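Encoded as structure tokens, the structure appears first; notes follow it.
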Amino acid sequence: MTTTSKDPAVQPFIISRTFDAPRELVWKAWTERERLMQWFGPKGFTMPVAKMDFRPGGICHSCLRSPDGHEMWGKWVFREIVKPERFVFVHSFSDEAGGITRHPMSPTWPLEMLSTVTFAEQNGRTLLTVQWLPLNPTDEERKTFDSSHDGMKQGWSGTFEQLADYLAKA
């Protein structure tokens, strides 16, 4: 499986953070449903519903709830899993039944994103890196993606804060 886009014009969004936790624990936080539900999402969001089938071809279908009660559904279709180093999945927004939908607040957001999450051991700590690439984007989707890096950085930074808080208690 390839983890890069075939379109050289698309620049990936990449964000990393080092967590003060062993790689095995950070891996479990991402790959075990019960753990993922305790922290995943932008700061202040909760995950009240999640189904997880963590295997190549399996799906994670979940709901994120904003602080004001707005719900957004998402779907991950796992492509590659190399425990505990990385996993690759196709991410999309979805409806409650699991059908692919457009981003609820950005109709020109790419319909599907190729996501790669890597976990690097660093003397008992873990360097986590998330890479996003639009999958087969239209020109308009590519432009939306390229112009949204600041917002993605903000969202992922809040998600990483929630992960750090979870790991500190785990």
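The figures follow:
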quantity	calculated
Residue within the stretch 87-107 that is modelled with pLDDT under 95, among the small types (Gly, Ala, Ser) and touching a Ser or Thr at 6+ places or on another chain (Cβ under 8 Å) present	yes
Criterion: surrounded by 13 or more Cβ atoms within 10 Å (Cβ to Cβ) and touching a Lys or Arg at 6+ places or on another chain (Cβ under 7 Å) - qualifying residue of VAL88, VAL26	VAL88
Residue in the stretch 96-113 that is within 29 Å of LEU25 (Cβ to Cβ) and crowded, with 18+ Cβ neighbours inside 10 Å present	yes
Those residues of the stretch 135-148 which are exposed (fewer than 15 other Cβ atoms within 10 Å of the Cβ) and in a helix (DSSP H, G or I), in sequence order	ASP139, GLU140, LYS143, ASP146
Search result, residues across the stretch 140-169 that are within 26 Å of MET37 (Cβ to Cβ) and β-branched (Val, Ile, Thr)	THR159
Test result for LYS6, farther than 16 Å from LYS83 by Cβ, in contact with a helix residue (DSSP H, G or I) (Cβ under 7 Å, 6 or more places away or on another chain), surrounded by fewer than 16 Cβ atoms within 10 Å (Cβ to Cβ) and at pLDDT below 95	no
Selection count where residues are touching a Ser or Thr at 6+ places or on another chain (Cβ under 9 Å) and of a type in the set (Gly, Ala, Ser), scope the stretch 63-86	2
Pair list, Cβ under 7 Å, 6 or more apart: the stretch 55-83 residue farther than 17 Å from LYS43 by Cβ and of a type in the set (Asp, Glu), other residue surrounded by fewer than 16 Cβ atoms within 10 Å (Cβ to Cβ) and modelled with pLDDT of 95 or more	GLU80/PRO56
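Each row is one residue, and each column tells you yes or no for (1) part of a loop (DSSP other than H, G, I, E, B); (2) modelled with pLDDT under 95.
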{"residue": "LEU25", "(1), (2)": "no, no"}
{"residue": "TRP30", "(1), (2)": "no, no"}
{"residue": "GLN38", "(1), (2)": "yes, no"}
{"residue": "LYS43", "(1), (2)": "yes, yes"}
{"residue": "PRO48", "(1), (2)": "no, no"}
{"residue": "LYS51", "(1), (2)": "no, no"}
{"residue": "GLY57", "(1), (2)": "yes, no"}
{"residue": "HIS61", "(1), (2)": "no, no"}
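Okay, residues lined up against (1) free of Cβ contacts under 8 Å to residues at least 12 places away in the same chain; (2) over 30 Å from ASP20 (Cβ atoms):
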site: VAL88; (1), (2): no, no
site: SER92; (1), (2): no, yes
site: GLU96; (1), (2): no, yes
site: HIS103; (1), (2): yes, yes
site: GLU112; (1), (2): no, yes
site: ARG125; (1), (2): no, no
site: VAL130; (1), (2): no, no
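The values are calculated or read from the model by the stated rules, or taken from the named source; none is laboratory data. Not measured: the values here are computed from a predicted model. Backbone-built Cβ (ideal geometry, glycine too); neighbour counts: all protein chains shown.
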